[in-house]
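K.L.:
Below you will find the structure I want to go over with you.
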Amino acid sequence: MGRVLLKKECLDETDMPFNQESKIICEKFSVEYIPGENLPDEELLFVEPSMNFEKEIAAYRQEMLDADSSFDGCFSMKRMPNIKEYVDHCIEWANPRREADERGAWGNVLLAIRKSDMKMIGCMQVHNVLTERMKNYTGHVGYSVRPSERRKGYAKKMLAKAVDFLSSFGFEEIIVSCLPENESSKKTILSNGGEYIETVFLDEDKVYLEKFKIKI
């Protein structure tokens with residue numbers, strides 16, 4: 001409504017009519033950096049999925065499949081070989097105007113692109129609205145790193161960006177979870193200031209999860 005009123009104020013200075021049927025062109029921008037805590041390393045570019053990265057998304061998906069890797073933080077990438085369908089699905093999920101689905105959550109899928117060669121090295125889901133399941137078990141952030149790019153410190157940088165991103169929504173604390181046996185993920189969380197809360201059993205998936213909180 002604020003934008004419409006601003007548009008009306010601009011039109012008041014002209015002879016152009018303005019009413020409920022007036023057509024307004026809106027532009028959407030993808031923000032590379034969300035203001036907040038300054039991060040020491042800007043090696044990575046974080047962007048929403050788009051067809052500009054069609055080949056990289058497809059290559060990332062195939063490498064994950066070949067490695068039989070878990071698609072954590074990739075939203076519906078595994079079940080969507082059509083990249084256009086996947087991109088549209090991610091953008092619609094982030095749309096705050098959409099009606100809540102059965103999961104009822106909103107958030108953003110962010111691709112981690114290495115600036116030096118524009119290669120997609122990671123993917124993450126950042127949730128700014130949580131379902132009860134997320135509150136009790138999985139938390140605000142899910143992420144994965146391309147198999148060939150692991151053990152290079154990218155996961156730590158990605159989680160740091162997710163924390164910074166969520167700070168723009170006013171969060172003072174977020175929840176992140178991992179499997180107890182996933183030592184690398186646990187180290188990533190701890191290196192970002194994670195504090196252990198508890199271990200919970202997710203009956204739906206028959207797994208235990210260790211929950212951590214990260215204060216912003």
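FYI, it's all coordinate maths here, none of it is from the lab. Nothing here was measured: the structure is a model prediction, and the numbers come from that model. Here the Cβ positions follow ideal geometry from the backbone for every residue, glycine too, while neighbour counts run over all protein chains shown.
K.L.:
For ARG114, ARG98, ARG133, which order do you get if you count the other beta carbons within 10 Å of each Cβ and list the fewest first?
P.N.:
Sorted ascending by nearby Cβ count, the order is ARG98, ARG133, ARG114.
K.L.:
Identify, among VAL176, PHE165, GLY139, the residue whose Cα sits farthest towards the positive end of the charge dipole of region 138-215, taking +1 on the Cβ of Lys and Arg and -1 on the Cβ of Asp and Glu, with the dipole about the Cα centre.
P.N.:
Ranked along the dipole, the leading option is PHE165.
K.L.:
Scan around CYS178 for amide H atoms under 5 Å from its own, H built in the peptide plane at 1.01 Å from N, and keep only partners 5 or more places away or cross-chain.
P.N.:
Excluding prolines and chain starts, which carry no amide H, the hits are GLU210.
K.L.:
Under a crude label model (7 Å from the Cα following the beta-carbon direction), how far is ASN136 from ALA59 in nanometres?
P.N.:
Reported label-point gap for ASN136 and ALA59 is 4.2 nm.
K.L.:
Also, I was wondering about something else. Output ³J(HN,Hα) for region 145-151: one whole-Hz value per residue in order, computed from phi by the Karplus curve 6.51 cos²θ - 1.76 cosθ + 1.60 with θ = phi - 60°, and x for Gly and Pro.
P.N.:
So the Karplus estimates, Gly and Pro as x, are 10, 3, x, 6, 10, 7, 6 Hz.
K.L.:
Now for a different question. Using mean Cβ contacts within 10 Å as the protection proxy, how do 201-207, 185-191 order, highest first?
P.N.:
Going from most to least packed, we get 185-191, 201-207.
K.L.:
Can you pull out the trypsin sites (Lys or Arg not before Pro) in region 151-180 that DSSP calls coil and that have at most 15 other Cβ atoms within 10 Å?
P.N.:
ARG151, LYS152
K.L.:
With the cut-off at 32 Å, tell me which of the pairs LYS156/LYS206; LYS78/LYS186; LYS23/LYS55; LYS23/LYS119; LYS55/LYS213; LYS55/LYS152 have Cα atoms farther apart than that.
P.N.:
Going by Cα-Cα distance, LYS23/LYS55; LYS23/LYS119; LYS55/LYS213 fall outside the 32 Å limit.
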